[in-house]
1. Could you give each residue of the range 100-108 its phi-based ³J(HN,Hα) in whole Hz, using Karplus coefficients 6.51, -1.76, 1.60 with θ = phi - 60°, and x for Gly or Pro?
2. Please report, in debye to the nearest 20, how large the charge dipole of the range 45-253 is about its Cα centre when each Lys and Arg carries +1 at its beta carbon and each Asp and Glu carries -1 there.
3. Just grab the label-to-label distance for A78 and L61, each label 7 Å out from Cα along the Cβ direction, in nm (one decimal).
4. Given an 8 Å cut-off on Cα distances and at least 6 residues of separation, report the relative contact order of the range 124-218 as a percent.
5. If I model a spin label as a point 7 Å beyond the Cα along the Cα-Cβ vector, how far apart are those points for A176 and A133 in nm?
6. Rank by packing, highest mean first: peptides 78-91, 192-205, with packing defined as the count of other Cβ atoms within 10 Å averaged across residues.
7. What list do you get for H209, H221 if you sort them by fewest beta carbons within 10 Å?
8. Hey, can you grab everything whose amide H is under 5 Å from the amide H of N147? Only 5+ residues off in sequence or another chain; H modelled, so Pro and N-termini drop out.
Amino acid sequence: MPSRDDVLRELRLAPEWRLRRAAPAAPVDRTAESTGASPSSTASPPAQPAAAVAADSPSRLARIAALGWEDFAADVDACTACALCRTRNRSVPGVGDVRAQWLLIGEAPGAEEDARGEPFVGQAGKLLDNMLAALGMTRRENVYIANVLKCRPPGNRTPEPLEALACRPYIERQIALIRPGLILALGKSAASLLLGTDASIASLRGRVHRCQGVPLVVTYHPAYLLRSLQDKARAWEDLLLARRALGASLAEAELPADR
Ligand code: SF4
């Protein structure tokens, strides 16, 4: 996986711009959020600078890097490291088999995911389930599904660079905990965030990349496929490539296929 500096460079935030270490983020008034009341003006400093500082805190990064599954979801749920904590209804840590060989990663939760706390539900989720079924799999068996960002950007907007940086340690920890044989990046945005590139999805598809040492294949996001039926055949080619890459990865690691 690219370094933090690599990502900043790709996002054109370096070398001119750096996350600063300063005072910890101000606490979020969760009571006001839950009741729908407006937080008091004195309790709400500008969200972005406070989030940036908290996200880059060495103690936070060390804590996340040491998380086990027993604490992972609670840690995500308590996270206030970026401004998305103020607008989410539920955090969406991920779902599936924590010993899975397949790790599917999208960009960020949408409205239904935000409401249910589970990634890839609704029509896009059904299509994803159908794609998995075509390979003889289900989302709860030998598959883990997550997003790079664990909280929904309002209106499904593209995540801000600082939000992606703030959340990155969580997906890094999930990859380290699961140690999958294959990562399938769902959509250009997820691929860009994981690979630290702004290349087009057309140029990223059809070959095997590496992310934290794990083979990674890029395919279309299911929500895109719902609108672009002509690309479903290409998505199927991607799945077959992913299956071959997983087979090669397992052979390389000499892991049993039914781990
Ligand atoms: Fe924390 Fe990630 Fe949610 Fe931002 S998106 S509040 S970094 S869990």
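Every number here is computed from the coordinates shown, using simple stated rules; none is lab data. Since the model is a prediction, treat every value here as computed from it, not as a measurement. Glycine gets a Cβ as well: all are built from the backbone with ideal geometry, and neighbour counts include every protein chain shown.
1. 5, 7, 9, 10, 9, 10, x, 7, 6
2. On the way: 25 positive and 21 negative charges, 60 e Å.
Result for the range 45-253 is approximately 280 debye, rounded to the nearest 20.
3. Placing both labels 7 Å beyond Cα along the Cβ direction yields 2.1 nm.
4. On the way: 76 pairs, mean separation 21.1, N = 95.
Taking the mean separation of contacting Cα pairs over the length of the range 124-218, I get 22 percent.
5. A separation of 3.8 nm, rounded to one decimal place.
6. Numbers: 78-91: 19.9, 192-205: 17.5.
Highest to lowest by the protection proxy: 78-91, 192-205.
7. Numbers: H209 17, H221 22.
Fewest to most other Cβ atoms nearby, the residues stand as H209, H221.
8. The list, which skips near neighbours in sequence, is G106.
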